Amino acid sequence: MTLSPELLLHGYSIGIFPMAEHRNDPEVFWVDPLRRGIFPLDGFHLSRSLARRIRRGEYHVTFDHDFAGVLQGCADRAETWINPEISDSYQALHRLGHAHSVEVWQGSTLAGGVYGVVLGAAFFGESMFSRRTDASKVALAYLIDRLRQTGFQLFDTQFLTAHLASLGAVEITRAEYRRRLEKALNTSADIAASIDQRPQGVIQRMTHTS
């Protein structure tokens with residue numbers, strides 16, 4: 001199966017997403033979970049320690065600065081579902097403006113990040129990685145702040161892990177997910193809009209809603 005941008009976007013629009021068994025498996029299959037993980041956009045749990053880390057400025061955060069680097073970071077682990085077909089397909093989506101990344105830097109080193117796909121006012125989180133303490137949590141905090149500021153309604157995490165649950169993610173039924181997805185797809189949002197994401201502002205907005 002060739003994952004063309006059109007096929008990928010159609011899949012997301014009907015509530016399914018592609019995976020591979022492992023990085024060397026050329027086969028890709030579609031997944032439609034009975035229960036779906038989502039991040040309520042007003043429910044991110046910003047701990048005091050994470051707020052301190054953001055406030056100290058040891059990391060700086062960018063948007064769509066190194067999509068390929070984030071994708072590679074997510075695939076750079078012992079077990080991954082990101083095979084070459086998936087990697088190439090999402091980079092094509094990024095070039096078309098449908099896939100986006102948040103990068104977390106420590107100096108000139110890419111310390112962590114997250115990437116996903118956008119349709120309407122829905123963000124479909126694909127994967128994240130961390131090479132330094134809390135780097136992926138910082139990426140999520142900045143991503144959710146950006147989604148809230150730019151009009152998004154749905155942040156899909158696909159599955160609910162213990163790590164995501166500790167940060168505020170929840171699980172809903174397939175039927176409820178599709179109801180929310182339909183509403184989000186019929187709404188417009190602009191993730192690439194120019195917004196103010198100075199660290200103190202991110203902390204204040206996250207603290208106000210968490």
Expressed in angstrom and rounded, the centroid-to-centroid distance over alpha carbons for the range 154-205 and the range 18-49 is 12
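Within 13 Å, Cβ to Cβ, of E21, how many net charges do the neighbouring residues add up to if Lys/Arg are +1 and Asp/Glu are -1? Working shown, then result.
Details: positive: R23; negative: D25, E27, E79, E85.
It works out to a net charge of -3.
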Inter-site label distance for E6 and E58 at 7 Å from Cα along Cβ, in nm: 4.9
Ordering of 195-201, 135-141, 43-49 by packing [mean C-beta count within 10 Å, highest first]: 135-141, 43-49, 195-201
Of (i) 113; (ii) 201; (iii) 102, which is the value of volume of the Cα convex hull per residue in Å³ derived from the coordinates here? (i)
Quick one: which of 103-116, 24-37, 59-72 comes out on top by average Cβ neighbours within 10 Å, and what's the full order, highest first? 103-116, 59-72, 24-37
In the chain, what percent of the accessible surface is made up of carbon and sulfur (1.4 Å probe, ligands and nucleic acids excluded)? 49
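For the range 5-207, report the accessible area per residue in Å² (1.4 Å probe, heavy atoms, rounded to an integer). Could the numbers behind the result be given before it?
Working: 9280 Å² over 203 residues.
Accessible area per residue: 46 Å².
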Using all alpha carbons of the range 84-206, what is the percent of pairwise distances in each 5 Å bin, ordered from the shortest bin to the longest? 2, 10, 18, 23, 23, 16, 6, 2, 0
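In debye, nearest 20, what is the charge dipole magnitude of the chain about its Cα centre with +1 on Lys and Arg Cβ and -1 on Asp and Glu Cβ, if you could check?
Approximately 1000 debye in magnitude.
The values are calculated or read from the model by the stated rules, or taken from the named source; none is laboratory data. Please read these numbers as outputs of a predicted model, since none were measured by experiment. Because the Cβ atoms are built from the backbone with ideal geometry, glycine has one as well, and the counts that use them run over all protein chains shown. To get the accessible areas, we keep the full protein, side chains included, count just its heavy atoms, and leave off ligands, DNA and RNA. Shrake-Rupley method; radii C 1.70, N 1.55, O 1.52, S 1.80 Å.
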